Amino acid sequence: MPINIRNIAIIAHVDHGKTSLVDAMLHQSGVFRENETVAERVMDSMDLERERGITIMAKNTAIQYEGVKINIVDTPGHADFGGEVERTLNLVEGVMLLVDAAEGPLPQTRFVLQKSLAHGLPILVVINKIDRPDRRIREVENEILDLLIDLDAEEEQLEFPLLYTQAKTGVALTERPADAPVGELTPLEVSGDLRPLFDAILERIPAPQSEPEGTLQFLATSLAYDDYVGRITVGKVKSGTLRRGAQVALLKKGQLAGVSTLSKLYTYDGLKRVDAESVVAGDICAVAGVPDVFIGDTIGDPQNPIALKSISVEEPAISMDFVVNDSPLAGRSGKYVTSRHLKDRLDKEILHNVSLRVEQTGEGEAYKVSARGELQLAVLVETMRREGYELALGRPKVIIREVDGRKSEPLELAVLDIPEDCIGIVSEKLHQRGGKMTKMVNHGSGRARLEFEIPTRGLIGFRGQFLTDTRGSGILNTVLIGVTPAIERDFDRRANGSLVADRPGKVTGYALFNLQQRGRMYVRPGEEVYEGMIVGENARENALPVNVIKEKHLTNHRAANADDITKLVPPRQFTLEQAIEYISDDELVEVTPNSLRLRKKRLGGWARQLPK
């Protein structure tokens, strides 16, 4: 029985305007009061999302339009958070594919679209940022069609409606705007509202075909926690009706795992969760009172428990060791420093992050955490750091698997947008790392787009070098596309060695001035160091013990230039992602709430290596 509900997910490559479009839809649907102060990108509620300008967690909202409730799910655009997209697609009956009018389909566009087509969902295509002065709308339309054909879309999926939007100003058009004239790049002046988009959603996206009177089936797709009501489970009622206070059965992997009473029932209205007495089939809601539920479990009728198909996500591609921080400076700024704290926090994370895997290693108090990519791991570590955790991180490693009796490693598609004069140096570096160019397009605007198939191992540590080679103007996007036979070559090794502190103390400017010729420094005067801490990059391949706390001896003699100011080169400061990419196999990144330090795994013995 069709009902007045539409469930739709917005999918796109990172930074193509998903969250901005949801903002405009919320404003124009009357969710906010006229005098209400609303933050920009209101759906990005995490601090890290606002700082990075990306969506990390999929989130629900709901609007009303012409008597129809439209449940909207804003999904992450980065492939590292693909697990969020995969479980979100179980909630909806259709997707809105958003594509930038100048950049066109990019790797993550392919990834999320492939998942949607596999679910057989109808697609509504929206070309956003039509006011960009470098827009090429007609070409982008052809690229979207080529992508759908390449992904073996069904014939009815190729018959998609096409709209053109400017999310920042909240305008949607049904007619194609003109492309930017060559040599006369000017913004496009458009006016209107998002009514054409709302109408297209009602027309293109089918209502849930559900039976409110049928047997209860509710699929858990995400988890949250509330201090008052406990674990909250978000999902979709596939069949039957959920009622507050009713007895429900919990099914794990098709087996009955217990019976609970629903203490709370919520539906979505705008950005708020609203208490409800009952929720009918087809609607997205949140429930509380089932403490042992996990993502992919089914909540059903105790009299007739019928399990739904569980959620499956792709396997992780890389792993990293999370180690208890045992440096001499451990515990000075963090609240949680022990292995028990670390284990409890990782166990809590895998409750709602379906694409993570955690296992204990045989190397003491260390845990191997596997994920889709470095960004996913970096976001987890940054979140833990802000919560007061201290830990040390090993170098990321790709996960080698046996496929058809052969060792295979993950293969990625790298799409690079670079200045024309950087094509040579970038191509050379990628070939050295096992990459193969599959496509090169030059739009005649002074920039070129290159596509490479490259092992994931070849991309570890490449991003920093890429930005240097392109003078900061290059754009690199990657997506996992499969596996390739493992290459027996160590092409991801760092060329330079480290300068390692050989004794504890505080860094002096006098010592740094004399060591600058040895390489680039990572510390500044006054910083506290310990034996085994990496204080700089050696100009040669080997690790070199150095004394960074050496002071100038005072004498009774005074020279004319003795009191000249010591000129120091500013030290290199690492972000968390840069530090993770930079370290070698025998090094760790020490992460505390207040600082990041690089160190050797073996802290002792550096002083004894000095020549006698």
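The values are calculated or read from the model by the stated rules, or taken from the named source; none is laboratory data. Predicted, not measured: the structure shown is a model, and the values here were computed from it. Neighbour counts run over all protein chains shown; Cβ positions are idealised from the backbone, glycine included. When the accessible area is computed, the model is the full protein with side chains, heavy atoms only, and any ligands, DNA or RNA have been set aside. Shrake-Rupley method; radii C 1.70, N 1.55, O 1.52, S 1.80 Å.
Data for the structure
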item	result
Accessible surface of the chain, 1.4 Å probe, proportion on carbon and sulfur as whole %	47 percent
Distance between modelled label sites at residue 463 and residue 193, nm, 7 Å Cα→Cβ extension	4.1 nm
Mean separation of Cα contacts under 8 Å (6+ apart) over length of the chain, as relative contact order %	10 percent
Extension gain from residue 517 to residue 275, taking 0.36 nm per residue of separation minus the Cα-Cα distance	80.5 nm
Amide H contacts under 5 Å for residue 125, placed H, 5+ residues apart	97, 163
Per residue accessible area of the chain, 1.4 Å probe, in Å²	47 Å²
Percentage relative contact order, the stretch 377-481, counting C-alpha pairs under 8 Å, at least six apart	33 percent
Principal-axis tilt of helix 137-150 within the chain, Cα atoms, nearest 10 degrees	80 degrees
Loop GluC sites (Glu not before Pro), the stretch 108-171 (other Cβ atoms within 10 Å of the site Cβ: 11 or fewer; DSSP)	154, 159
Neighbourhood charge, 12 Å Cβ-Cβ cut-off, centred on residue 250 and excluding it, Lys, Arg +1 and Asp, Glu -1	0
Computed magnitude of the charge dipole of the stretch 114-180 (debye, nearest 20; Cβ of K, R +1, Cβ of D, E -1)	540 debye
In Hz, Karplus ³J(HN,Hα) per residue of the stretch 574-579 (6.51, -1.76, 1.60; θ = phi - 60°; x = Gly, Pro)	9, 7, 4, 4, 5, 5
Inter-label distance for residue 315 and residue 569, nm, one decimal - labels placed 7 Å from Cα along Cα-to-Cβ	4.4 nm
Computed accessible area, residue 575, all protein chains, 1.4 angstrom probe, square angstrom	70 Å²
In range of the label at residue 178: residues from the stretch 99-135 whose backbone nitrogen is under 15 Å from the point 7 Å along Cα→Cβ	131-135
Inter-probe distance in nm under a simple model that places probes 7 Å from Cα toward Cβ, at residue 134 and residue 243	6.0 nm
Environment charge at residue 578 (Cβ cut-off 10 Å; Lys +1, Arg +1, Asp -1, Glu -1)	0
The chain: angle of helix 423-432 to the longest principal axis, Cα-based, in degrees nearest 10	80 degrees
More than 12 Å apart - percent of Cα-Cα pairs taken over the stretch 366-423	78 percent
Relative contact order (%) - criterion: Cα under 8 Å, at least six apart; region: the stretch 93-222	28 percent
Nearest 10 degrees, 0 to 90: helix 339-352 Cα axis against the chain principal axis	30 degrees
